[in-house]
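A.B. asks: Quick one: the structure is below, questions incoming.
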Amino acid sequence: MKTLIVANWKMNPQTAKEAKKLFDAVKKGAKNKNTDIVICPPFVYLPLLKGLPLGAQNIFWEEKGAFTGEICAAQLKDLKIKYVIIGHSERRKYFGETNEQINKKIKKALDRDINPIFCIGETLEENRAEKKSEVLERQITEGLHGVSKFEIQNSKLVIAYEPVWAIGTGQNCSVDETLKSMLLIRKIISNMYNRELADDMKMLYGGSVNSKNSAEYIKGGGVSGLLVGGASLDAQEFISIIKSI
Ligand code: 13P
């Protein structure tokens with residue numbers, strides 16, 4: 001199975017010119033037959049970038065209509081977008097996204113054959129209070145509530161474990177703790193569906209990934225790929241991550 005490397009550019013860069021320059025540099029340098037690469041730029045750059053698979057950073061659950069500021073599945077489909085990040089901790093924190101809303105977004109994406117990259121992860125306080133298992137279980141069961149085994153098998157739904165305390169802090173989660181979290185997530189999925197589906201599901205790690213730590217996660221972290229934020233904004237650094245796999 002190929003390793004999936006996803007770039008989450010978040011609200012960067014500031015101009016279309018810079019976005020194209022970064023994208024072209026990545027496209028040119030990022031050749032590794034062992035990896036699949038997905039770039040998730042801000043919505044406004046999606047129609048401008050061609051030649052690597054693209055993902056969106058959000059989706060709205062309604063079909064169309066009076067929802068100012070939102071983007072629907074049909075609009076993403078029209079641009080041939082393959083993936084969408086759903087439930088990122090920054091959306092949960094700054095926009096108050098709930099597990100229930102995330103669930104509606106996941107269902108809409110699945111319904112329209114857009115693969116959700118479903119983000120979960122505990123905060124520092126939850127981690128310190130040893131509530132990680134409880135938090136992940138709630139995020140997964142509520143986020144996937146009513147999603148059938150069949151729908152999951154027929155999609156490429158990806159789970160991204162991103163401990164909130166590791167995002168943008170330089171404090172990446174240790175490979176051992178990542179492995180433990182991956183086993184825990186697979187167990188939760190196995191209890192909800194079955195073992196086979198849990199074993200087959202792609203799972204990413206995200207949080208302060210760089211070219212120095214990337215290979216360790218693939219070797220020992222039990223992950224199928226990485227979700228990269230800050231380091232994906234530097235073409236050379238992102239290419240080095242891809243080459244490290
Ligand atoms: P950083 O790689 O900047 O820590 O961000 C991770 C992330 O949030 C990716 O979605």
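The values are calculated or read from the model by the stated rules, or taken from the named source; none is laboratory data. Just so you know, these numbers come straight off a predicted model, no measurement behind them. Using ideal geometry, Cβ is built from the backbone for each residue, glycine included, and neighbour counts are taken over all protein chains shown. Ligands, DNA and RNA are excluded from the accessible area calculation, which covers all protein heavy atoms including side chains. Shrake-Rupley method; radii C 1.70, N 1.55, O 1.52, S 1.80 Å.
A.B. asks: If amide hydrogens are placed 1.01 Å from N in the peptide plane, which non-local residues have theirs closer than 5 Å to the one on Lys202?
C.D. replies: Ile159
A.B. asks: Fully extended, how many nm does the chain gain between Lys64 and Thr15 (0.36 nm per residue separation, minus their Cα-Cα distance)?
C.D. replies: Gain in length upon complete extension: 14.8 nm.
A.B. asks: Would you calculate a helix-derived [θ] at 222 nm for the chain, using -39,500 (n - 2.57) for each DSSP H run of n ≥ 4 and dividing by the full residue count, to the nearest 500?
C.D. replies: Calculated at 222 nm, the ellipticity per residue is -12000 deg cm²/dmol.
A.B. asks: Over all Cα pairs of segment 1-135, how is the pair count split among 5 Å bins, expressed in % and running from 0 up to the last occupied bin?
C.D. replies: Spelled out per bin, shortest first, that is 2, 9, 18, 20, 19, 15, 10, 6, 2, 0.
A.B. asks: Can you compute the radius of gyration and Dmax for the chain, using only the Cα atoms, both in Å?
C.D. replies: Final numbers for Rg and Dmax: 16.8, 47 Å.
A.B. asks: How large are Rg and Dmax for segment 12-66 when only the alpha carbon atoms are used, in Å?
C.D. replies: For segment 12-66, the Cα-based Rg and Dmax read 13.3, 44 Å.
A.B. asks: Translational D (Stokes-Einstein, µm²/s) of segment 172-245 at 37 °C and 0.692 mPa s when Rh comes from the Kirkwood sum over C-alpha pairs?
C.D. replies: 256 µm²/s
A.B. asks: With the other protein chains left in place, how much accessible area per residue, in square angstrom, belongs to segment 1-75 at a 1.4 angstrom probe?
C.D. replies: 55 Å²
A.B. asks: Taking amide H positions as placed in the peptide plane 1.01 Å from N, state which residues far from Val228 in sequence (5 or more) or on other chains have amide H under 5 Å from it.
C.D. replies: Residues meeting the criterion, in which the H sits 1.01 Å from N, are Val6, Ala7, Asn8.
A.B. asks: Using only the Cα atoms of segment 51-99, build the gyration tensor, take square roots of its eigenvalues as a ≥ b ≥ c, and label the shape rounded, prolate or oblate: rounded if a/c is under 1.5, else prolate if a/b is larger than b/c, else oblate.
C.D. replies: oblate
A.B. asks: Tell me the label-point distance for the pair Met1, Arg138, using the 7 Å Cα-to-Cβ offset, in nm and rounded to one decimal.
C.D. replies: 2.9 nm
A.B. asks: Over the chain, what percent of the accessible surface lies on carbon and sulfur atoms, probe 1.4 Å?
C.D. replies: The nonpolar share, carbon plus sulfur, comes to 51 percent.
A.B. asks: Enter the per residue convex hull volume of segment 99-233, computed from alpha-carbon coordinates, in Å³ rounded to the nearest integer.
C.D. replies: 107 Å³
A.B. asks: Can you tell me the length gained on complete extension of the stretch Lys82 to Leu183, counting 0.36 nm per residue apart and subtracting the Cα distance?
C.D. replies: Stretched fully, the Lys82-Leu183 segment lengthens by 33.7 nm.
A.B. asks: Of all alpha-carbon pairs in segment 85-129, indicate the percentage at a distance above 12 angstrom.
C.D. replies: I get 63 percent for the Cα pairs in segment 85-129 exceeding 12 Å.
A.B. asks: Could you pull out every residue, at least 5 positions away or on a different chain, whose amide H is within less than 5 Å of the one on Ile85? Hs are placed 1.01 Å off N in the peptide plane, and Pro or chain starts have none.
C.D. replies: Excluding prolines and chain starts, which carry no amide H, the hits are Ala56, Gln57, Asn58, Ile117.
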